[in-house]
Amino acid sequence: MPLLEDLSVYEDGDVFSVYDHSYEDDDAVPDRGRPLGTITLTTDGDYVPEGIGAIFAWVQPARTIDDALAAFVG
């Protein structure tokens, strides 16, 4: 389970890619770390986490990116 300070988030429009930069493995992206998933900003203003690392409960609907990041850190 990564800690919040282990995460790196990269924004590309309404999609935020989440990486664990403390853990390097075969799937790691150079200079970013292991991809955990994405957070998508919907037209309703909700942040929706998804992907292999989004396994923990989070505040729903997530109105901030911080609320959505909880899905990756438990």
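Calculate, in nm to one decimal, what residue 28 and residue 4 gain on full extension: separation in residues at 0.36 nm each, minus their alpha carbon distance. Don't skip to the answer; put the middle values down first.
Details: separation 24, 0.36 × 24 = 8.64 nm, distance 1.78 nm.
The span from residue 28 to residue 4 would gain 6.9 nm if fully extended.
Amide H contacts for residue 23 (H built 1.01 Å from N in the peptide plane; partners 5 or more residues away or on another chain; cut-off under 5 Å): 34. Distance between the C-alpha centres of region 5-22 and region 46-74: 12 Å, rounded to the whole angstrom. The phi-based Karplus calculation (6.51 cos²θ - 1.76 cosθ + 1.60; θ = phi - 60°) puts the 3J(HN,Hα) values of region 26-40 at 5, 8, 5, 8, x, 6, 10, x, 6, x, 9, x, 9, 10, 10 Hz, whole numbers, x for Gly and Pro.
Length gained on full extension, residue 40 to residue 21: 4.8 nm, using 0.36 nm per residue less the C-alpha separation.
Taking Cα Rg over 2.2 N^0.38 Å as the quantity of interest, determine which of [x] 1.03; [y] 1.52; [z] 1.11 was computed from the displayed structure. Calculated Cα Rg over 2.2 N^0.38 Å: the matching label is [x]. Taking Lys and Arg as +1 and Asp and Glu as -1, the other residues whose beta-carbon sits under 13 Å from that of residue 63 total -4. Assuming charge only on the beta carbon of Lys and Arg (+1) and of Asp and Glu (-1), the dipole of the chain about its Cα centre is about 200 debye to the nearest 20. The phi-based Karplus calculation (6.51 cos²θ - 1.76 cosθ + 1.60; θ = phi - 60°) puts the 3J(HN,Hα) values of region 8-16 at 10, 10, 10, 8, 9, x, 8, 10, 10 Hz, whole numbers, x for Gly and Pro. Given springs between every Cα pair under 10 Å in a Gaussian network model of the chain, which of 30, 61, 49 has the largest fluctuation? Most flexible of the set in this elastic network: 30.
Every read-out reported here was derived from the displayed coordinates using simple, explicitly stated rules and does not represent laboratory data. Note that the structure is a prediction, hence the values are computed from the model and not measured. Reconstructed Cβ throughout: ideal geometry from the backbone, glycine too, with neighbour counts over all protein chains shown.
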